[in-house]
Amino acid sequence: MKKRIITIGISVVLVLGVCGCGGGNSSNKTLYEEGLEVISLMEEMASNDTYLKIYSASSEIQDIVRNAGEGDFSEPKAIYKVAISEETLLALAEITGSEATEGLSDTLKGYVQSRMNGAIINQVNATGGAATLAAASICTGGKTFVSDELTEDVIYLYTYESAVPVAISFAVGEDGAVSATGNFILYEGFNVDTEQDIKDFFEEFSVEVETITK
């Protein structure tokens, strides 16, 4: 998708809060299962008129969300792990090079980098227009938990036969803590039929894509 994602900018993700649930408790669930719990929360958000009216007075945005929530999320068709290289994430954050990094501590640089996966997904939705981005943002779901399964930040992409894709961005914290942030992907031009389709969409990035076995 060439330079469309980068030129939109990363500021949108920095002003959107994550709808958190869970208290960082130790979990025996897999990342796949944790992602399904976030998706369940997002389904509830999308189907609850009271929730939608709290976050948006726009009937257009509410309708976009409702339509997404009417999909069948009961069983994913396929799940893909999308790993974006550290160099790419740092480049997106525009903090590469010695002069740019001098003003950031390692802790702050790590924090910025950990948000880049979520920024990329938000920018995919932004490609579909302001209303699409706004609709996706009000149904951002999340939770925190403790797991030893994750060693680096990744995106799990859940695809469905009759529902929009969902991206769950997993970020590694301290002492085994993991934060999971979920986004509906509402941009209709995002093709997720195969691993190669996903690689082609992110052709400007250095990404690894592999199918996850349930």
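The values are calculated or read from the model by the stated rules, or taken from the named source; none is laboratory data. All values reported here derive from a predicted model rather than from experimental measurement. Cβ placement follows ideal geometry from the backbone for every residue including glycine, while neighbour counts extend to all protein chains displayed. Side chains are part of the model used for accessible areas, which takes the heavy atoms of the whole protein and leaves out ligands, DNA and RNA. Shrake-Rupley method; radii C 1.70, N 1.55, O 1.52, S 1.80 Å.
Key figures
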read-out: √(5λ) per eigenvalue of the Cα gyration tensor, region 31-211, largest first, Å; value: 27, 18, 17
read-out: Percent carbon-and-sulfur accessible area, region 31-211, ignoring ligands, DNA and RNA, probe 1.4 Å; value: 44 percent
read-out: Peptide ranges 133-145, 64-76, 152-164, 178-190 listed from the most packed, as the mean C-beta count within 10 angstrom indicates; value: 133-145, 178-190, 152-164, 64-76
read-out: Extension gain from residue 28 to residue 152, taking 0.36 nm per residue of separation minus the Cα-Cα distance; value: 42.8 nm
read-out: Percentage relative contact order, region 111-186, counting C-alpha pairs under 8 Å, at least six apart; value: 35 percent
read-out: 53, 81, ranked by accessible area, largest first (probe 1.4 Å); value: 53, 81
